[in-house]
Structures are given as structure tokens and as C-alpha cells.
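Just so you know, all these numbers are worked out from the coordinates, no wet-lab data involved. This one's a predicted model, so the numbers in the text were calculated from it and none came from an experiment. Don't worry about glycine lacking a Cβ; one is built from the backbone with ideal geometry, like all the others, and counts go over all protein chains shown.
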Amino acid sequence: MKKIIQKQFIINILLFCIVINLLCLCACKNPQEAVLNQLNDEVMKLHNETMPKMGDIYQLKAALKKQSETTHEDSTHLKEALLEAQLSLAKADDDMMTWMHHFTEGKNAAKTYEDKIKFFKTQKDSIQIVNNQIYMSIAIASKYVNIK
Amino acid sequence: MGAAGLAIGLMNCQNDAKSCRNQGGKLPIVGNRDITSQGDTLYPTIRAFTFTNQEGKAITNHTFQDKIYVVDFFFTSCPTICPKVTAQMLRVYERFKNNSNLLLLSHTIDPKRDTPDYLRNYAQKLGISDAQKWHFVTGEKDSLYAIANDYFSIAKEDPNTPGGFDHSGRLILVDKARRVRSFCDGTNPQEVDCFLRDIETLLKEP
């Protein structure tokens, strides 16, 4: 009888240890997830800042093209400037689409916690560069055409 | 208890219906109309188009002749709202997959990467094997943006709303005469509930 009670006691202790270990694992994992979620949100916030401007880019490009077609052939400087503004917008558009493609693929590819941290930090820098290109190209185009 | 549950359920249904923009009557034609000098009313319509679907086949406005259809814009590497919108398009597909009078049309806005092959894989991952029912199309970027501009400039609730159509996540219902009859926020399942009712209503129109 005493042996049975001892056995039961040991089983209870073991079960207790397993539960404590599981709780520790969860507690350790959640702060890591919270850090990754926060980094993801920071990157997405930057992305969401300029993504709605993709429609403006399309409209500006169309307006520049129209203006270029109606600009007199002799106005070579203006024609060149209009073309340059269109190319700048096209680059901004392509940069954003390329960034999103790499972001989605890279996010799925990063496996370890350290890799994910490194990935999000790199992406935060690169989306900032994309945003700058978008703002710059819109500012240049807006010197020649107005879509509002 | 069961009767009370049913009553509450019915009340909820009634509340849901009441919150919908359209109350089950004839759907309005969306967009600003023009009156001609002869007094005729002109409604905005979607321009003629030609795109390529996931099977590499040409898809034009004739593909949708005598059909009503639901439109959205997406791209396969979209990191934010597209998966939510596609989930709601799947609801539309599931509900009406056996109704030959309704088709679905999803346009990519990233034609550089979303080739027909890529779109076919994407459709297959979603479980869509019938390319005659749900067309995932690609084409010239300018043409895709131009037609998006057509759909969204018509289906605009508030002209002062900031933001481009790429982030609108909107689902748009088009009738047999290529006129927009309803639209909703494709990221909002409650709005899509109303949209599904609108599709039922439009399907009953002769």
C-alpha cells in the first residue's frame, strides 16, 4: 500500500514538472511572437503609407503621357522632362511591386527567430527606400500635371 | 428553448438585412448618369476589354455576354488585404458555383509576375479547377489599371476618400449591360453578406 502511494506521488511530481515545462515553453515563445508581430506591423505601416498612392501613380503617368502627346515637337526640353517623370513613376511602381513580391517570399522562407528578426529589419529599410522613390516621383510629376 | 433560439436567430437575420444598403428591391444602377439632349438617360458602363486568363485563353467582355459577374483586383504576392478579399470571393464562388448565370473575374495588378501559369497555380491552390467559372486574368498593366479605374470610379462611395483602388479591397457586381449594380468592402464579411443578397436579387432580373 505504501509503495502504491509512493508511486502515485512520483507520477504526480512528474506530471507537475511536465506542466511547468510546457507553461515555460509557452511563456518563452509568446514574447518572441510579440516581437515578430511588432516588427511586421512596423514594416506594414510603412508599406500602407504609400500603397494607396499606386492609383495616383497610374493617373499621373496617364496625365503625363497625354501632356507629352499634346506638347509641341520643338519643346524638346519639356518633352524630355515629361518622359523622365513618367520613367520615375514607372520605377516607383515597379519598386513597390518587387518589394511586395520579395517580402511575401522572404517572410515564408525565414525559419529561425534570428532569421526572422534580421529579415524584418532589412525589410523596414528597403520599404523606406521604396517609399522615398514613390514620394519623389509623385513630387516630380506634380510639377507638370495635376490629377486632383 | 429551441423556439426562443430560432426567434433570436430570425431577429438577427432581420437585423442583418436591415443594415444592408439595398433592401431586397430592384438594385440601383451605380454611378453618375448623364441626360442626353434627347432626354435619354445614359448610365456609366465598363469599357470593352481583352485579357488573358489562367488557361492562357483570351477573355473579353463577350465572355460575360448575358451573364452577371463579380469583379475584384488582387495580386498573388499581396502581403496585406488580398488574402482576406480572396477568402470572400471564395464565399461568392461556393454559393453560386452551380449557377451558370454568374461568373467571377479577378484581375491581377502585377502582370509582370502573375503570368497565366502563375495564376493557374494560384487558382489550383484555392481549389478552383473550373476556369470557365472564375477567370483570373492578366494583361497590359495600363489596360488593367484603366479598367480598374472604370470600375472604381463608378463604385465610389465618397469621392473625397483618400487612397487608390489597389488598397480598396472592393468587390463589384456588374449586370448584363456592363453596369455596376452593387459593391462592397471585400475585407468585411458582414458587407459581403449583403452583397450575396444583392447577387441573388440581380440574378432574378430578366
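Taking only Cα atoms, what is the 0 to 90° angle, nearest 10, from helix A:54-70's long axis to the longest principal axis of chain A? The helix A:54-70 is inclined about 10 degrees to chain A.
When Rg and Dmax are taken over the Cα atoms of segment B:38-204, they come to 15.0, 52 Å. Taking 28 Å as the limit for the C-alpha separation, the pairs B:Lys141/B:Lys176; A:Lys66/B:Lys112; A:Lys65/A:Lys124 exceed it in the case of A:Lys65/A:Lys124. A straight Cα-to-Cα reach below 16 Å connects B:Lys57 with the aspartates and glutamates B:Asp114, B:Asp117, B:Asp130, B:Glu140, residues fewer than 8 places away in its own chain not being considered. Model label sites at B:Lys97 and B:Lys204, defined 7 Å from Cα along the beta-carbon direction, differ in position by 2.6 nm. For trypsin sites (Lys or Arg not before Pro), the sites in segment A:31-127 that DSSP calls loop and that have at most 13 other Cβ atoms within 10 Å are A:Lys111. Ordering A:Leu83, A:Leu89 from the fewest to the most neighbouring beta carbons within 10 Å gives A:Leu83, A:Leu89.
Sorting A:Ser137, B:Ser100, A:Ser88, B:Ser153 by the number of Cβ atoms found within 10 Å of their own Cβ, with the fewest placed first, yields B:Ser100, B:Ser153, A:Ser88, A:Ser137. The alpha carbon radius of gyration of segment A:33-142, expressed as a multiple of 2.2 N^0.38 Å, is 1.35.
Close amide-amide hydrogen proximity is noted between B:Phe136 and B:Gln54, B:Ser106, each under 5 Å apart and 5 or more residues distant or on a separate chain (H modeled in the peptide plane; Pro and chain starts excluded).
Stokes-Einstein, applied to the Kirkwood radius of the protein assembly as shown over Cα pairs at a viscosity of 1.002 mPa s and 20 °C, places its translational diffusion at 90 µm² s⁻¹. This ranking places B:Glu191, B:Glu140, A:Glu49, A:Glu73 by how few other beta-carbon atoms lie within 10 Å of each, fewest first, which gives A:Glu73, B:Glu140, A:Glu49, B:Glu191.
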